[in-house]
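Shown next, in structure tokens, is the structure this report addresses.
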Amino acid sequence: MTGTIVLLLYLIYPSLSTSVLGLWKCEDVEGLSSPIFVVDPETLCDDASHLAWTHALGVPSVLLYVLGLPALAIGLLYKFRNKLDEVNTRIRFGLLYDGYKRENYMHEIWVVVRKLTIIVIGIFSKKLQIQLALGAVSLLRTHTVLVKPFQTQNLSRLEIVLLTCSFFTLWVGGIFQFYPQGCQSTTSNGPNLICKLAEASVFAFNIASMVLGFSSYIWFAWLERRGQLSGRMKSVCTALSRW
């Protein structure tokens, strides 16, 4: 039961954090003195009703979910730091540290920081989203390269490739953001061709990363199950030979 709860909380954490922080997402509209609430465009962000929702629901949710869940995970991992290889601990909390070196058993917190950083940038930043996201992904990619938290070299390389794909996607997105006229123009062949090549490169890189990630998952799952399958096959062969 504990392992299932940890899995569900792990899966819904990004969307839950986005929904909670989305209570502060406002957008300026020409002709209005106050920005509108994106979730409910009929509400202004300085309305008493919106402020009541952010104070009554938003702040407690940030403390309880956005910050509380990672803090709870840190506390649990630290509490069971000497029992990480025991079966019961791996069944309940293995999702949070399996695959990492034992000295880097809390590396999943850096993954949470990466997710939260991108969510915060997407909600609270307007004109500098791509630049801030590029900086965040670059710093966290550098941290992964230097620390190498995974147990195997293949996992470290896979993580670096996926972060590089994110960096490249954001970098190409910056081209479209800062030079939209050239990318949308039908007469300027030079810039338009560059934008098309960049778009095709991003598409190909993302498809290749998805295939690589899915293939790696199948391969690691096979390696994990191979010993069990081998033992079962030996038992079946032994039983047949005796019969």
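The values are calculated or read from the model by the stated rules, or taken from the named source; none is laboratory data. Quick caveat: nothing in here was measured; it's all calculated off a predicted structure. Cβ placement follows ideal geometry from the backbone for every residue including glycine, while neighbour counts extend to all protein chains displayed. When the accessible area is computed, the model is the full protein with side chains, heavy atoms only, and any ligands, DNA or RNA have been set aside. Shrake-Rupley method; radii C 1.70, N 1.55, O 1.52, S 1.80 Å.
Here are a few things to note about the model shown:
- Test: residue in region 82-94 that is open to solvent by 40 Å² or more (accessible area, probe 1.4 Å), over 28 Å from residue 198 (Cα atoms) and of a type in the set (Val, Ile, Thr): yes
- Filter result (of a type outside the set (A, V, I, L, M, F, W, C) and either part of a helix (DSSP H, G or I) or under 25 Å from residue 115 (Cα atoms) (or both)) within region 41-61: 49, 50, 54, 55, 58, 60, 61
- Only a single criterion out of (1) closer than 23 Å to residue 2 by Cα; (2) crowded, with 17+ Cβ neighbours inside 10 Å is not satisfied by residue 74, namely (2).
- Residue selected from region 22-39 under the condition touching a Gly at 6+ places or on another chain (Cβ under 8 Å) and either of a type in the set (A, V, I, L, M) or in a loop (DSSP other than H, G, I, E, B) (or both), by the criterion farthest from residue 121 (Cα to Cα): 39
- The set of residues from region 1-19 being under 15 Å from residue 90 (Cβ atoms) and of a type in the set (S, T, N, Q) comprises 2, 4.
- Scanning region 62-86 for residues that are closer than 12 Å to residue 112 by Cα, in contact (Cβ under 8 Å) with a residue 24 or more places away in the chain and of a type in the set (A, V, I, L, M, F, W, C) gives 66, 69, 73, 74.
- Region 95-114 - residue that is assigned to a helix (DSSP H, G or I) and among the charged types (D, E, K, R) and, of those, least open to solvent (accessible area, probe 1.4 Å): 108
- Looking only at region 118-165, and only at residues there that are among the hydroxyl-bearing types (Ser, Thr, Tyr), at pLDDT below 90 and within 21 Å of residue 220 (Cβ to Cβ), the one that is surrounded by the fewest Cβ atoms within 10 Å (Cβ to Cβ): 152
- Answer from 182, 231, 227 - the residue that is open to solvent by 50 Å² or more (accessible area, probe 1.4 Å) and either in a helix (DSSP H, G or I) or modelled with pLDDT under 85 (or both): 227
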